[in-house]
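Quick notes on the structure that follows.
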Amino acid sequence: MQNTATPTHCPYCALQCGMNLTPAPDGPAGAVALTERADFPVNRGALCGKGRTAPQVLSSRVRLTSPLVRSEGRLVPATWDEALDRISGALGSVRAEHGADALGVFGGGGLTNEKAYALGKFTRIVLGTSQIDYNGRFCMSSAAAAGIKAFGVDRGLPFPLEDIPRTGCVVLVGSNPAETMPPALRYFTELRENGGTLIVVDPRRTRTAEQADLHLAPRPGTDLALALGLLHLVVAEGRVDEEYVRERTAGWEEARAAAMAHWPEYVERITGVSVPELREAVRMFCAPEAAMVLTARGPEQQSKGTDTVGAWINLCLATGRAGRPLSGYGCLTGQGNGQGGREHGQKADQLPGYRKLDDPAARRHVAEVWGVDPDALPGPGRSAYELLDALGRDVKALLLMGSNPVVSAPRAAHVEERLRSLDFLAVADVVLSETAALADVVLPVTQWAEETGTTTNLEGRVLLRRRAITPPEGVRSDLHVLHELAARLGTRQGLEKKFPTDPEEVFEELRRASAGGVADYSGITYRRLAEENGVFWPCPAPDRSPGAGGGTERAAGAAGDGEDAALDAALPDDDPARALPDPHPGTPRLFLDRFATPDGRARFVPVAHRPAAEEPDDDYPVLLTTGRVVSQYQSGAQTRRVAELNRAAPGPFVELHPRLAARLGAAEGDLLAVESRRGRAVAPARITTAIRPDTVFMPFHWPGEGRANVLTNPALDPTSRMPEFKVCAVRVETVRG
Ligand SMILES: Nc1nc2c(c(=O)[nH]1)N[C@H]1C(S)=C(S)[C@@H](COP(=O)(O)OP(=O)(O)OC[C@H]3O[C@@H](n4cnc5c(=O)[nH]c(N)nc54)[C@H](O)[C@@H]3O)O[C@H]1N2
Ligand SMILES: Nc1nc2c(c(=O)[nH]1)N[C@H]1C(S)=C(S)[C@@H](COP(=O)(O)OP(=O)(O)OC[C@H]3O[C@@H](n4cnc5c(=O)[nH]c(N)nc54)[C@H](O)[C@@H]3O)O[C@H]1N2
Ligand code: SF4
Ligand SMILES: [Mo]
């Protein structure tokens, strides 16, 4: 491999910060030097501590470099052939005995587009099962469902991050970028420097909330009432944009009636946010010409997450703040490929290009690309938690790629027990995660810097992650795993030929499969991604019209235009190349002319407040909410292997208010037992006035005694099937002795 710097992207969150990597010739295997990559516009060189230290996880000391198989209860090293044969033997016999739907597949939003695509295809045409879902269900599924209802398409942000500093007001609802996307905080700082205002809605005064002009601290699980109360005031104060509502939306009367039932005083009682604060928020949001609402996991990870996001979208629509320059609703997606991972078919109900598995035309199109009979494609399967809950019962064997549910799934002790009850579990991972440790076979796979692939960041910008170094001996790519399993498990000879191991070949097929779909990638090539530093979908191939139903802006001046024009001028008049249409420039901004609904209008959704699935009572009097800290990533499988990050964030804690601490007789650092109807976790107290006195907060990054997810409630949103990670009832006690 060359010793020059390779421009690539971080393996972790949805910002997908750019960085340069150079192999270190004299260092240990996998050692690379990381340097700033200033040409990538999203982070302009800045990285958080996780991104900066990500190369440490490449070193073979902290990772798996040999397949492992279970023998007499223990995981022992094996050859790749032994491990793959074990998997195909076990999956084959479960299928023979119990039918294809007894096989389950669980994917991840960190997988590249190519892997997500290949995994969905493998599940449907090699295993023949409907039982696939992925951890993205736990992430942005509520925002996705609400976006589809209101706008007809789900793309996290319908505009690039660079628009944020130029709008007038941003409401950040349950989002803590100071910890979860530090390089993006700059966009909000610049907003305020430009005279714009920032409102943060969070039960905790986070480092993000500290930057805000106005911080609203609602009781966890009450964002729906809060948004309805704000809409009520918008109507009462005559701030509705009547002309916009008439021309660009449908369903206002019903939504208006629902909001009018939510009086400010009633909303104050539910949320704890005072009427003057509500009025101030409305004034700040409505004063400038343009404004945005951005949600993240706070309001979304609720059993009413879809309705809650719908209520915030209604607020944008009533005030004319969607589908106009510098205005709109957006969701800040989480994982590295959180956006692309939900578009190409690892979701239970989905086919590539964001097509629906139950749509006959979609089935025909994709089946043709795959060279199979549309009737042979299974139907929609169970959602993530429902799939995990069915393990050992209806689903007897599981193949898992890119998630660590023992730590990250709700009601985690139960999920762990379900995983243990499987006839067979295979896990592909880069480290021995807590979930991999339960497996019958573990496959060690290549990591971000060792393989090429595309991801789609939170803006809908498709990016090329490039291979920068040679992987260690003994590891293979996820694409290789699927190829080899297709060879062993295919119901007809040669099926593995449909599973190439070269990512660009997979992408070429993904382009065709997505063509004409909502998330149309057909006009995107690896070459363009390399030259243009990313392309926003939809980007149809030149002879197609956008699949998202128009409403899109043709971005001016995509790189290469000038070059093409010069080339054109140089060609003789009758040269066939002259007739080639210009490539589609991609779509940084959606909805400017019309929304992606059949009639081009956005839909108001009538919603009403309802309580959380579990409210505090005498037995469990305190609210628990959960989330993240800056120095650990998700289940911690990768970041807990980096010493510097462990020093910064060594373990779990329970954040609580001094008043609650006094009532419990707890001092800073004392061990607290937090108990819910599902389990008990123990972690030291961290006392701060930055949290509401009725609420405790725990980060979920750790296994063991302080595992927050043994407490959380798997109550599901009826539409998105999102579990209620952000609110459940607990009791808290100090642990004596
Ligand atoms: N350091 C770090 N960064 C990450 C990740 C990580 O694990 N670690 N993960 C990535 C991923 S996959 C994701 S999804 C994103 C998540 O990014 P965020 O959504 O910013 O992260 P969270 O900490 O889960 O939740 C955000 C805030 O919601 C608040 N909150 C809790 N309950 C409620 C409520 O009922 N209402 C409201 N309004 N707010 C509430 C919490 O106090 C918290 O501050 O981060 C990404 N970036
Ligand atoms: N209580 C609570 N729980 C939560 C949340 C919360 O806010 N509160 N948030 C939820 C959210 S938003 C999310 S996104 C989930 C995330 O939780 P998880 O799904 O557990 O996510 P990770 O910890 O990122 O797990 C990814 C695993 O895949 C491995 N891996 C990384 N890259 C690859 C690859 O390319 N191939 C393969 N085969 N493996 C790879 C990693 O080493 C790791 O073991 O957690 C959810 N759980
Ligand atoms: S903000 Fe996200 S993408 Fe950027 S360096 Fe940190 S973890 Fe990586
Ligand atoms: Mo996430």
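The values are calculated or read from the model by the stated rules, or taken from the named source; none is laboratory data. Model, not experiment: these values are computed from the prediction. Positions of Cβ are generated from backbone atoms using ideal geometry, with glycine treated the same way; all protein chains shown enter the neighbour counts.
Kindly indicate the residue of segment 311-360 that is assigned to a strand (DSSP E or B) and under 11 Å from the mean Cα position of the chain (by Cα) and also nearest to ligand 1 (Cβ to nearest atom) among those meeting that condition. Give the steps one after another, and end with the answer.
Let us first name the residues in segment 311-360 that are assigned to a strand (DSSP E or B), namely 324, 327-331, 335, 350-351, 355-356.
Then keep just the ones that are under 11 Å from the mean Cα position of the chain (by Cα); that gives 331, 335.
Details: Cys331: 10, Gln335: 4 Å.
Here the answer is Gln335.
Can you pull out the residues in segment 278-308 that are of a type outside the set (A, V, I, L, M, F, W, C), outside any loop (DSSP other than H, G, I, E, B) and buried (at least 21 other Cβ atoms within 10 Å of the Cβ)? I'd like the intermediate steps shown before the answer.
If we filter segment 278-308 for residues that are of a type outside the set (A, V, I, L, M, F, W, C), which is where we start, we get 279-280, 283, 288-289, 295, 297-308.
When the remaining residues are screened for being outside any loop (DSSP other than H, G, I, E, B), the result is 279-280, 283, 295, 297-300, 305-308.
Of everything in segment 278-308, those that are of a type outside the set (A, V, I, L, M, F, W, C), outside any loop (DSSP other than H, G, I, E, B) and buried (at least 21 other Cβ atoms within 10 Å of the Cβ) turn out to be Thr295, Arg297, Gly298, Pro299, Glu300, Gly305, Thr306, Asp307, Thr308.
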* Where a residue in segment 6-20 is in a strand (DSSP E or B) and at pLDDT 95 or above and its partner, wherever it lies, is more than 9 Å from ligand 3 (Cβ to nearest atom) and of a type in the set (Phe, Trp, Tyr), with Cβ under 9 Å and at least six apart -> Pro7/Phe40; Thr8/Trp448; His9/Phe40; His9/Trp448; Gly18/Phe40; Met19/Phe40
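Tell me, please, whether a residue that is in a loop (DSSP other than H, G, I, E, B) and either within 11 Å of ligand 2 (Cβ to nearest atom) or modelled with pLDDT under 95 (or both) can be found in segment 372-379.
First, pick out the residues of segment 372-379 that are in a loop (DSSP other than H, G, I, E, B): 372-373, 377-379.
Going one step further and asking which of them are either within 11 Å of ligand 2 (Cβ to nearest atom) or modelled with pLDDT under 95 (or both), we end up with none.
No.
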* Structure fact -> Considering segment 164-186, residues that are of a type in the set (D, E, K, R) and under 26 Å from Lys50 (Cβ atoms), and then whichever is nearest to ligand 2 (Cβ to nearest atom), we arrive at Glu179
* To do: Output the number of the condition that Val407 fails; it satisfies all remaining conditions of (1) within 30 Å of Gly586 (Cβ to Cβ); (2) out of contact with any strand residue (DSSP E or B) (no Cβ under 8 Å at 6 or more places or on another chain); (3) within 16 Å of ligand 1 (Cβ to nearest atom).
  => (1)
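Look at segment 481-501 and say how many of its residues are within 11 Å of ligand 2 (Cβ to nearest atom) and out of contact with any helix residue (DSSP H, G or I) (no Cβ under 7 Å at 6 or more places or on another chain). First the steps, then the outcome.
To start, the set of residues in segment 481-501 that are within 11 Å of ligand 2 (Cβ to nearest atom) comprises 481-482.
Next, from what is left, pick out any that are out of contact with any helix residue (DSSP H, G or I) (no Cβ under 7 Å at 6 or more places or on another chain): 481.
The qualifying residues number 1.
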* Looking at (1) free of Cβ contacts under 8 Å to residues at least 40 places away in the same chain; (2) β-branched (Val, Ile, Thr); (3) part of a strand (DSSP E or B), find the lone condition where Val105 falls short. => (1)
* Scan (1) away from ligand 4 (no atom under 16 Å from the Cβ); (2) surrounded by 22 or more Cβ atoms within 10 Å (Cβ to Cβ); (3) not β-branched (Val, Ile, Thr) for the single condition Pro11 breaks and write down its number. => (1)
* Subset of segment 617-651 [part of a loop (DSSP other than H, G, I, E, B), within 16 Å of ligand 4 (Cβ to nearest atom), out of contact with any strand residue (DSSP E or B) (no Cβ under 8 Å at 6 or more places or on another chain) and among the hydroxyl-bearing types (Ser, Thr, Tyr)] -> Ser635
* Please determine, by comparing only the residues of segment 436-470 that are within 16 Å of ligand 1 (Cβ to nearest atom) and under 26 Å from Val406 (Cβ atoms), which one is surrounded by the fewest Cβ atoms within 10 Å (Cβ to Cβ). => Trp448
* To do: Could you list, in sequence order, all residues of segment 158-196 that are part of a loop (DSSP other than H, G, I, E, B) and of a type in the set (Phe, Trp, Tyr)?
  => Phe159
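Taking the conditions exactly as written (surrounded by fewer than 24 Cβ atoms within 10 Å (Cβ to Cβ), farther than 26 Å from Glu343 by Cβ and touching a residue at least 40 places away in the same chain (Cβ under 8 Å)), does Val431 satisfy them or not? Outline the logic, then answer.
Working: surrounded by fewer than 24 Cβ atoms within 10 Å (Cβ to Cβ): yes; farther than 26 Å from Glu343 by Cβ: yes; touching a residue at least 40 places away in the same chain (Cβ under 8 Å): yes.
Considered against the rule, which asks whether it is surrounded by fewer than 24 Cβ atoms within 10 Å (Cβ to Cβ), farther than 26 Å from Glu343 by Cβ and touching a residue at least 40 places away in the same chain (Cβ under 8 Å), Val431 comes out as yes.
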* **Per-region count, segment 711-737, residues within 11 Å of ligand 2 (Cβ to nearest atom), of a type outside the set (A, V, I, L, M), out of contact with any Pro (no Cβ under 7 Å at 6 or more places or on another chain) and in a loop (DSSP other than H, G, I, E, B)** => 0
* Take segment 113-142 and flag every residue that is under 29 Å from Lys304 (Cα atoms), aromatic (Phe, Trp, Tyr) and either part of a helix (DSSP H, G or I) or within 16 Å of ligand 3 (Cβ to nearest atom) (or both). => Phe138
* Structure fact -> Screening Leu672, Leu664 for residues that are more than 23 Å from Lys304 (Cα to Cα) and surrounded by fewer than 22 Cβ atoms within 10 Å (Cβ to Cβ) leaves only Leu664
